[in-house]
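This is the structure I have questions about; it appears just below.
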Amino acid sequence: GVGVELDSELADVLRRRLGGPHEILTGDVADYSVLQHAAEIAGEVGVLHGWVNSAGITRTSNLHEVDRESVERIFDVNLFGAYWGCACAVQTFVRQRSGGIIVNISSVHARAAYSGHSAYDVTKAGIEGLTRYIAVEYGRLNIRANAVAPGGVRTPGAVTGLSAEDIASIARVH
């Protein structure tokens, strides 16, 4: 398998742990050329059968106090990263005449808005639209696409700055 990791130290750790025929590229999933390179490497090993777009970030965002840099980064990683990844996968599947499967990681945020997460909510809804588009446009070529939409995952990043009361409130609402 081939993966892309932004953090070079983590990429090194992954390379050591995975070993074998795996390749971890250091790069940004928002960079189309990085994903093209990943597809090329996968093609050198054999036929590409599947592609997973799982990169995602979130930061507080709303419409009344816009942090343009933060919002653009969320869109770049979450939506454009998935879009470029899907494009690379579809191009490879079409060229191989093999069909294939794309799995996009969405979120419960695609269907339920969360206060303070405007950009993340929009990007995850966009991923689901992109997934449906692939199914409609490329299903006839045996290219399938699915979106997996996990609920909230209590990670350190997800609860940073939240009190126990905040977390309980979120759980009650959603």
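Using the Cα centre of the chain as the reference point, and only Cβ charges (+1 on K/R, -1 on D/E), how large is the resulting charge dipole? Debye, rounded to the nearest 20.
Taking the Cα centre of the chain as origin, the dipole is about 760 debye.
Could I ask something else about it? Give, as ranges by residue number, the residues of region 35-64 whose backbone N falls under 16 Å from the point 7 Å along Cα→Cβ of Leu18.
So the set is 35-56.
Can you show me the helix-derived [θ] at 222 nm for the chain, built from DSSP H runs with n ≥ 4 at -39,500 (n - 2.57) apiece and divided by the number of residues, rounded to the nearest 500.
Dividing the helical sum by the residues of the chain leaves -15000 deg cm²/dmol.
So what is the relative contact order for region 1-157, in percent, with contacts set as C-alpha pairs under 8 Å and at least six apart?
22 percent.
Now for a separate question. Could you give the nm distance between label points at Arg95 and His49, where each point is 7 Å from its Cα heading toward the beta carbon?
Rounded to a tenth, the inter-label distance reads 2.0 nm.
Also, I was wondering about something else. Let me make sure I get this right: for region 40-135, a, b and c are the square roots of the gyration tensor eigenvalues over alpha carbons, sorted descending. Under 1.5 in a/c it's rounded, otherwise prolate if a/b > b/c, else oblate. Which is it?
Prolate.
List the residues, sorted by chain then number, that are 5 or more residues from Ala55 or on another chain and whose placed amide H is less than 5 Å from its amide H.
Amide H neighbours of Ala55: none.
Can you tally the net charge around Gly116? Count Lys and Arg as +1, Asp and Glu as -1, for every other residue whose Cβ sits under 13 Å from the Cβ of Gly116.
That works out to -3.
A further question on this structure: Taking 0.36 nm per residue of separation and subtracting the Cα-Cα distance, what length does fully extending Gln36 through Glu165 add?
42.0 nm
Relative to the longest principal Cα axis of the chain, at what angle does helix 164-173 sit, 0 to 90 degrees, rounded to 10?
In the chain, helix 164-173 runs at an angle near 70 degrees to the longest axis.
Got a sec to turn the phi values of region 47-55 into Karplus ³J(HN,Hα) couplings, 6.51 cos²θ - 1.76 cosθ + 1.60 with θ = phi - 60°, whole Hz, x for Gly and Pro?
6, 7, 10, x, 8, 10, 9, 10, 5
With a 10 Å cut-off between alpha carbons and a GNM built on the chain, which of Val66, Val29, Val77 moves the most?
Highest fluctuation of the listed residues: Val66.
Something else now. If I build a Gaussian network model for the chain, linking alpha-carbon pairs within less than 10 angstrom, which residue out of Gly56, Gly20, Gly151 has the largest mean-square fluctuation?
Fluctuation is largest for Gly20.
Over the chain, what portion of Cα pair distances is larger than 21 Å, expressed as a whole percent?
So the pairs more than 21 Å apart make up 53 percent of the total in the chain.
On C-alpha positions alone, give me the angle between the axis of helix 81-96 and the longest principal axis of the chain, in degrees, nearest 10.
Roughly 20 degrees, rounded to the nearest 10.
Extension gain Ser8-Ala135, at 0.36 nm per residue separation less the Cα-Cα distance, in nm?
Here the segment from Ser8 to Ala135 would lengthen by 42.3 nm.
Over the chain, give the accessible area per residue in Å² for a 1.4 Å probe, as an integer.
60 Å²
The values are calculated or read from the model by the stated rules, or taken from the named source; none is laboratory data. Just so we're clear, the structure is a prediction, and the values are computed from it rather than from any experiment. Every residue, glycine among them, receives a Cβ derived from its backbone with ideal geometry; neighbour counts consider all protein chains shown. These area figures cover heavy atoms from the full protein model, side chains too; ligands, DNA and RNA do not enter into them. Shrake-Rupley method; radii C 1.70, N 1.55, O 1.52, S 1.80 Å.
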